[in-house]
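Before any comments, here is the structure.
The values are calculated or read from the model by the stated rules, or taken from the named source; none is laboratory data. Not measured: the values here are computed from a predicted model. Quick reminder, even Gly has a Cβ in these numbers, built from the backbone with ideal geometry, and neighbours come from all protein chains shown.
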Amino acid sequence: MNEIHCRINGTDYTFSFPGERRLLDVLREDLQLTAAKEGCGEGECGACSVLKDRRVVNSCMIPVAAVEGCEIMTLEGFRQTPEGRCIVEAFSDSGAVQCGFCTPGMVMAAASLLFENPDPSEVQIRTALSGNLCRCTGYDMIVQGVRLAAERGRGLW
Amino acid sequence: MARIRAYRNDAEAKVTGTARYADDYSFPGMLHMVPVYADYVSARNLAVNGAEALAQPGCIAVLTASDVPGNCRYGQIEEDYPILAEGTIRSWGDVTALVIAETREQALQAASLVKVTAEPMEPVLTIEAALDPYAPIIPEGKDSNIVVHHRLRHGDPEAVFDQCELVIEEDFHTQVIEQAYMEPESCVCVPRHDGVLEIYGSMQHPFSTRRFVSSFLDEPFSAIEVYTIPMGGGFGGKDDNAAAVCARAALGARITGRPVKLTYNREWSVRETYKRHPYRMHYKMGFSSEGKIEAVETTMYADSGAYLSVTPWVTWRSTAQCCGPYGVEHVKADVYGVATNNVFRGAMRGFGAPQVNFAVEQLIDIGAHRLGIHPLGMRRMNMVKQNGETVTGQILDKHTVSLEEVMNSVVHHIGYRKKYEQCSRGTSDNDELYGIGLSVSYRGSSLGAEGMDYCSCVINGQHDGSILLETGIHENGQGSESVMMLILAEELGIDRKRIRYRRSSTSTIPDSGTTVATRGTIMGGSSVVVAAQKLKELISSHIAQRLKCSSDEVTFHDDKIWGLTYDNSLTWEEAMKELYLQRVAPYAFGTYQGPDVSWDDTTGQGDAYFTYVYSCQCAEVMVHKHTGKIRVTNVVAGHDVGKAINRAMVLGQMYGGITQGIGMTLMEQVQEAGGKITNLNLGTYRIPRSTDIPEMEGIIIEHYDPLSLTGAKGIGEPAIELIAPAIANAVYHATGIRCTSLPLKIRPEDLS
């Protein structure tokens, strides 16, 4: 059993359990970081999205061995950053939230997009969110939320 | 796209990920439960052997029906659903055993070693097979697989068809749909020191959950407390089934004396839980030469699956709304629910209306085309009007019948008339064919004559000026708590920041029915008004003297309480302090009972619902000539919601409903092979993604409804019930091909 080193929300961790454990389970069960949810367990719904080196990934599909040396950011960490606050407020104001189960994943997907492209078009936003399923909103107000975060956060990203 | 600042009391918690859903809870000493299925669709002499499983590390118990102290079966209408199978397997979703272990991994490992044997029987899998006189009877103790038969008799269609200019006969089929809420079922059950079982679960009906658990464990309601916690969507799908999940966890907690968590994965959720009923409908519709619908005769069959659930209520709505929003004089409808060995069907957003609308709104377009009448004129001529009569004999004189206005708004907004002329109708110069289509509907609000309609509210004012509010309506994600808070703030004339929605439980508020049927705002909101009026009367009677007026002259606005002149007022805090000094609690309890409805089972006549929501949706499509792929490019929806309490959330319901409807129209279908579902997860059961959905525009139309104390009606289900025929009509005007089955499919060879 090898040791696995990574940084999660700014804190360094060393894990010594089987490397095939899913990152999602480590986050939710071991670290009580429950913002990321399990909706499908097969990488289709994006409810478990987190950032791995600032790019969005499905944590249900990532064995913890694959995060060796990586920086993982979950919503618990991201919400405390200025960028996180910006998306949180934009989503709230836009009506992007209904049941909220997909929302943490949507926020992380939006963050990943804006880190890469601070001024995305609607098509680019829709494409960036296409790995995250939402059954409540019809996506319209989530897309608006991302656009609002881009507008309000000029210079931030 | 609309830009309205949204209000939700739970937005911050949900966007920051601090909102805790059932699976996010854990308790010291908590055990994990998993269900055990059997690979049978129909079988008898079921035997479960848990010995090997029990010997596994960490395994605490293997529970079967024989461990159940109370009634193993439950159902909202008939007690036929086995929370744990007893001797017989009637569907592939039946749960045969429950395994409890220290960890989920151990429970899963042990569950794989539970031995289930049974004697397989030939399953009955189609409506046709179930109706065969020699078919095995699936429902226990019944003499037929027809589990319900609703009749509607209005006039004499047989006598009228002969005189019609045009008679159309057509068959329509709809498919099995999975609700596909993002959060699979989950429940944590915790034994409390006082003997009460606390339940934290994902469900939209805490009271029904309490009934299930109570009956399953043979314990009184007072020993079970079901808490409202955030839940990840339901869409009708988290009523009885979600309650069964809670009942199983409760059994585990009772037997072990420890907290037990039962969290479903997606495959179990899809395998076990009820779906939208697939319908087979035959319609015969007769028109006069001017386009008036003279007569309708219809026979429909809904596959109920192995258990009854709410099939009688779903099919009842199909019966009452069998002619869409048209006031037809001569109607005969026979609507049947039929038992099969498929995984059972139950409630899903729309509840028997999307299916009939798919048929009726295409039939009227077909009729218009054959008679050479514009589809708008055809609808205008036939639709229900103010003081008009519905097919159930109800006179619509108690609210504003706004269907024509709603349709006109949508038509003007999207530019339907001009675009209708531009439809490709099978030919175009490029690779895509363009079409536009429209549909209209009316939807009876709330339960109607299918159920008991009432809701309670508690306003617990505090002497510091803050207020705790709760109602019997459940927050399913739709924003009901925010709506109740906005209504209360308006009623009391106070700043909504004073109000906190209390995390309620089944032990703190009376049973107010289930949060389904688009009844949250109309029933819950009205109960808030009743309680608020009582609170205002109470406050007035105790502060009138200080305001130098009589109690009926006291008014509430601008966060203050006023006498007759501007110099006689009290801040809300001052008034609460005054009540405190008078030793009066600013507390009010209100119950709202739905207005009377009626129904005659033999004729299908009566005042089916106390009010109706009027809707129109219009869709534009492009159909690719070489692939047949249908792309929805624009949707405009108009709904008369009575009054919009929280405009952004009304639009959110519209867009979400339309999107689910687009899924039903173009993508979704539960695949059943020999009674076994083959697309068990979201990779194979595809629901719309952000890139599948076009621009949408919602038009909110408001005609204050006098029978709702807030004027509001509702929007949840109207939003989903009519997009399928709008798209089907658009596809027809693009291609000239009429699709009578869902999901719509255009084969490239049909286009050449």
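Tabulated data
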{"quantity": "Residue that is of a type in the set (A, V, I, L, M, F, W, C) and in the same structural domain as B:Ala730 (by TED's automatic domain parsing), where the choices are B:Phe610, B:Phe589", "calculated": "B:Phe610"}
{"quantity": "Selected residue [of a type outside the set (Lys, Arg), modelled with pLDDT of 95 or more, under 35 Å from the mean Cα position of the chain (by Cα) and in a loop (DSSP other than H, G, I, E, B)] from B:Pro35, B:Pro69", "calculated": "B:Pro69"}
{"quantity": "Only one of B:Tyr74, B:Tyr7, B:Tyr25 that is in contact (Cβ under 8 Å) with a residue 12 or more places away in the chain, touching a strand residue (DSSP E or B) at 6+ places or on another chain (Cβ under 7 Å) and within 14 Å of chain A (Cβ to nearest Cβ)", "calculated": "B:Tyr25"}
{"quantity": "Within segment A:65-113, tally of residues that are of a type outside the set (Gly, Ala, Ser), outside any helix (DSSP H, G or I) and more than 10 Å from chain B (Cβ to nearest Cβ)", "calculated": "6"}
{"quantity": "Inter-residue pairs, beta-carbon under 8 Å, first at pLDDT 95 or above and in segment B:247-258, second part of a helix (DSSP H, G or I) and surrounded by fewer than 24 Cβ atoms within 10 Å (Cβ to Cβ), 6+ apart", "calculated": "B:Ala247/B:Leu217; B:Ala250/B:Leu217; B:Leu251/B:Asp67; B:Leu251/B:Leu217; B:Arg254/B:Leu217; B:Ile255/B:Asp67"}
{"quantity": "Only listed residue being touching a His at 6+ places or on another chain (Cβ under 9 Å) and surrounded by 23 or more Cβ atoms within 10 Å (Cβ to Cβ), chosen from B:Ala575, B:Ala532", "calculated": "B:Ala575"}
{"quantity": "Some residue of segment B:92-103 being of a type in the set (S, T, N, Q) and within 11 Å of chain A (Cβ to nearest Cβ)", "calculated": "yes"}
{"quantity": "Checking B:Arg689 against (1) charged (D, E, K, R); (2) without any contact (Cβ under 8 Å) to a residue 12 or more places away in the chain; (3) in contact with a strand residue (DSSP E or B) (Cβ under 8 Å, 6 or more places away or on another chain), the condition it does not meet", "calculated": "(3)"}
{"quantity": "Enumerated strands (runs of 3 or more DSSP E) restricted to segment B:108-187, each holding at least 2 residues that are more than 14 Å from chain A (Cβ to nearest Cβ) and in contact with a Pro (Cβ under 8 Å, 6 or more places away or on another chain)", "calculated": "B:146-154"}
{"quantity": "Residue that is surrounded by the most Cβ atoms within 10 Å (Cβ to Cβ), among those in segment A:114-132 that are in contact (Cβ under 8 Å) with a residue 12 or more places away in the chain and within 12 Å of chain B (Cβ to nearest Cβ)", "calculated": "A:Asn132"}
{"quantity": "Residue match in segment B:144-154 (condition: surrounded by fewer than 15 Cβ atoms within 10 Å (Cβ to Cβ) and free of Cβ contacts under 8 Å to residues at least 60 places away in the same chain)", "calculated": "no"}
{"quantity": "Where B:Gly236 falls short, out of the listed (1) surrounded by fewer than 24 Cβ atoms within 10 Å (Cβ to Cβ); (2) at positive phi", "calculated": "(1)"}
{"quantity": "Test: residue in segment B:84-101 that is over 17 Å from B:Leu46 (Cβ atoms) and not in a strand (DSSP E or B)", "calculated": "no"}
{"quantity": "Elements of type helices (runs of 4 or more DSSP H) in segment B:196-292, at least 1 residues being within 14 Å of chain A (Cβ to nearest Cβ) and hydroxyl-bearing (Ser, Thr, Tyr)", "calculated": "B:266-272"}
{"quantity": "Residue in segment A:39-50 that is farther than 30 Å from B:Ala648 by Cβ and of a type outside the set (Gly, Ala, Ser) present", "calculated": "yes"}
{"quantity": "Selection within segment A:30-59 - part of a loop (DSSP other than H, G, I, E, B), in contact with a Gly (Cβ under 8 Å, 6 or more places away or on another chain) and either crowded, with 20+ Cβ neighbours inside 10 Å or assigned by TED's automatic domain parsing to the domain that holds A:Tyr139 (or both)", "calculated": "A:Thr34, A:Ala35, A:Ala36, A:Lys37, A:Gly39, A:Cys40, A:Glu44, A:Cys45, A:Gly46, A:Ala47, A:Cys48"}
{"quantity": "Segment A:133-152, residues that are within 8 Å of chain B (Cβ to nearest Cβ) and either in contact with a strand residue (DSSP E or B) (Cβ under 6 Å, 6 or more places away or on another chain) or not polar (S, T, N, Q) (or both)", "calculated": "A:Leu133, A:Cys134, A:Arg135, A:Cys136, A:Gly138, A:Tyr139, A:Asp140, A:Met141, A:Ile142, A:Val143"}
{"quantity": "Test: residue in segment B:391-413 that is surrounded by 22 or more Cβ atoms within 10 Å (Cβ to Cβ) and closer than 19 Å to B:Tyr283 by Cα", "calculated": "yes"}
{"quantity": "Filter result for B:Ser615 (in contact with a helix residue (DSSP H, G or I) (Cβ under 7 Å, 6 or more places away or on another chain), part of a loop (DSSP other than H, G, I, E, B) and polar (S, T, N, Q))", "calculated": "no"}
{"quantity": "Those strands (runs of 3 or more DSSP E) lying entirely in segment B:464-575 with at least 2 residues in contact with a helix residue (DSSP H, G or I) (Cβ under 6 Å, 6 or more places away or on another chain) and modelled with pLDDT of 95 or more", "calculated": "B:467-471, B:499-501"}
{"quantity": "Qualifying residue in segment B:617-636 (condition: under 30 Å from B:Tyr336 (Cβ atoms) and more than 10 Å from every other protein chain (Cβ to nearest Cβ))", "calculated": "yes"}
{"quantity": "Answer from B:Val41, B:Val62, B:Val48 - the residue that is more than 32 Å from the chain's Cα centre (by Cα), buried (at least 22 other Cβ atoms within 10 Å of the Cβ) and in contact (Cβ under 8 Å) with a residue 24 or more places away in the chain", "calculated": "B:Val62"}
{"quantity": "Segment A:126-145, residues that are under 22 Å from B:Gly657 (Cβ atoms), hydrophobic (A, V, I, L, M, F, W, C) and in a helix (DSSP H, G or I)", "calculated": "A:Met141, A:Ile142, A:Val143"}
{"quantity": "Some residue of segment B:640-650 being touching a residue at least 40 places away in the same chain (Cβ under 8 Å), of a type in the set (Val, Ile, Thr), farther than 22 Å from B:Thr514 by Cα and buried (at least 19 other Cβ atoms within 10 Å of the Cβ)", "calculated": "no"}
{"quantity": "Residue list for segment A:1-50, filter: away from every other protein chain (no Cβ under 14 Å), out of contact with any strand residue (DSSP E or B) (no Cβ under 9 Å at 6 or more places or on another chain) and closer than 19 Å to B:Asp24 by Cβ", "calculated": "none"}
{"quantity": "Subset tally (residues that are buried (at least 21 other Cβ atoms within 10 Å of the Cβ) and at the interface with chain A (Cβ under 7 Å from one of its Cβ atoms)) for segment B:11-22", "calculated": "7"}
{"quantity": "Matching residues, segment B:492-523, being crowded, with 17+ Cβ neighbours inside 10 Å and among the polar types (S, T, N, Q)", "calculated": "B:Ser504, B:Ser505, B:Thr506, B:Ser512, B:Thr514, B:Thr515, B:Thr518, B:Thr521"}
